[in-house]
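Below: one structure, written as structure tokens.
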There are 2 protein chains.
Amino acid sequence: MILFVDMDEVIADTYGAHVEIYNNDFNDQLTLEMCAGSEVWQNVPVVRQASVRNHASVRGFFRNLKPIAHSQSVLKELSEKHDVFIASAAMQFPNSLEEKSDWLDEHFPFIPWKNRILCGHKHILRGDLLIDDRSYNLERFDGRTFLFTSPHNVNTQGFERVDSWIQVADKLL
Amino acid sequence: MILFVDMDEVIADTYGAHVEIYNNDFNDQLTLEMCAGSEVWQNVPVVRQASVRNHASVRGFFRNLKPIAHSQSVLKELSEKHDVFIASAAMQFPNSLEEKSDWLDEHFPFIPWKNRILCGHKHILRGDLLIDDRSYNLERFDGRTFLFTSPHNVNTQGFERVDSWIQVADKLL
């Protein structure tokens with residue numbers, strides 16, 4: 001089986017980083033729960049939104065993200081049985097490209113460079129399964145899809161959903 | 001039609017750069033013709049091969065490549081009629097990722113970031129046509145393929161071949 005796995009909000013905790021950086025910058029107490037159904041920047045005062053929307057353009061943002069719980073151990077096991085590819089829409093942030101490569105080297109060294117894809121659209125991928133947190137990526141993919149739960153998609157309907165990597169393991173291992 | 005176009009030796013002149021850098025470094029007179037059927041490093045004395053093989057790891061190498069003749073005008077016209085994606089096996093050289101993005105911004109600004117793919121394998125691409133100089137990429141692609149002539153592949157048989165972007169235009173426009 002050829003399996004494509006998104007990075008941000010699937011194996012890399014971008015929401016956690018946005019909230020942590022925002023709280024540090026503005027001495028506030030935003031939580032992930034407060035972001036349910038929306039983007040992080042939509043949950044801060046208007047005058048601070050530009051700051052949050054700029055996080056991803058700051059050098060080091062993508063390099064310092066924490067892995068999502070259990071993503072490493074479950075993907076390690078999956079990669080021994082299947083053809084696992086990481087597929088990230090990274091081209092939007094050119095500064096993120098090398099950081100994402102370095103981040104994968106550190107946290108997912110068992111995924112070789114040939115199995116890493118940085119792209120924009122995901123409907124140009126040919127394979128069996130796509131795990132992604134963005135419904136617009138899943139809609140156009142020709143294969144099975146899992147919507148990986150993230151604060152922004154908790155209200156999204158109509159997709160096979162996984163809330164954690166433990167659930168992915170239950171379905172695939 | 002969804003069309004995938006490789007970068008190195010299809011729209012970016014890597015062989016020309018290897019030969020130019022080598023000649024500058026060692027005050028030699030290597031030519032592209034002398035590299036027919038082989039890689040550039042295979043055509044220099046053994047003690048200089050490591051230097052040539054290291055070119056692609058040097059910062060700036062990919063940023064400073066010259067576009068292949070007529071690639072810009074023909075791809076501009078193709079992109080107005082078809083869904084053109086750039087697909088480069090760039091993940092091998094993490095230092096090249098941002099350089100390739102910047103290079104595309106300069107020379108192919110009409111190809112938006114969503115239509116740029118940096119990957120390892122190309123058999124995971126879903127589309128109608130792949131233009132590439134490496135036969136191993138074409139072999140596993142499920143669709144029509146053009147082998148774009150480069151010094152290293154002049155002896156390769158068994159593929160629909162294009163020698164220039166003028167020939168691509170003749171076939172597709």
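Would you say A:VAL19 is free of Cβ contacts under 8 Å to residues at least 24 places away in the same chain, surrounded by fewer than 16 Cβ atoms within 10 Å (Cβ to Cβ) and hydrophobic (A, V, I, L, M, F, W, C)? Spelling it out, it is not the case that A:VAL19 is free of Cβ contacts under 8 Å to residues at least 24 places away in the same chain, surrounded by fewer than 16 Cβ atoms within 10 Å (Cβ to Cβ) and hydrophobic (A, V, I, L, M, F, W, C).
Hydrophobic (A, V, I, L, M, F, W, C), outside any helix (DSSP H, G or I) and open to solvent by less than 30 Å² (accessible area, probe 1.4 Å): does that describe A:LEU147? Answer is yes for this residue. Scanning segment B:1-52 for residues being of a type in the set (Asp, Glu) and over 16 Å from the mean Cα position of the chain (by Cα) gives a total of 4. Considering (1) open to solvent by 20 Å² or more (accessible area, probe 1.4 Å); (2) over 13 Å from the mean Cα position of the chain (by Cα); (3) among the polar types (S, T, N, Q), the lone condition that B:SER96 does not fulfil carries the number (1).
Once segment B:132-144 is narrowed to residues that are more than 10 Å from every other protein chain (Cβ to nearest Cβ) and touching a residue at least 12 places away in the same chain (Cβ under 8 Å), the residue that is nearest to A:LYS114 (Cα to Cα) is B:ASN137. Number of residues in segment B:105-131 that are under 18 Å from B:PRO67 (Cβ atoms), of a type outside the set (Asp, Glu) and more than 9 Å from chain A (Cβ to nearest Cβ): the value is 6. Across segment B:7-37, the qualifying residues are those that are part of a helix (DSSP H, G or I) and polar (S, T, N, Q), and the one among them that is nearest to B:GLY120 (Cα to Cα) is B:THR14.
Applying the selection to segment B:38-85, what residues are open to solvent by less than 70 Å² (accessible area, probe 1.4 Å), part of a helix (DSSP H, G or I), small (Gly, Ala, Ser) and farther than 26 Å from B:ARG116 by Cα? Selection gives B:SER51 alone.
The values are calculated or read from the model by the stated rules, or taken from the named source; none is laboratory data. Since we're looking at a predicted model, the values are computed, not measured. Please note: Cβ atoms are built from the backbone with ideal geometry, for glycine as well, and neighbour counts cover all protein chains shown. We work out accessible area using only protein heavy atoms, side chains counted, and drop any ligands, DNA or RNA first. Shrake-Rupley method; radii C 1.70, N 1.55, O 1.52, S 1.80 Å.
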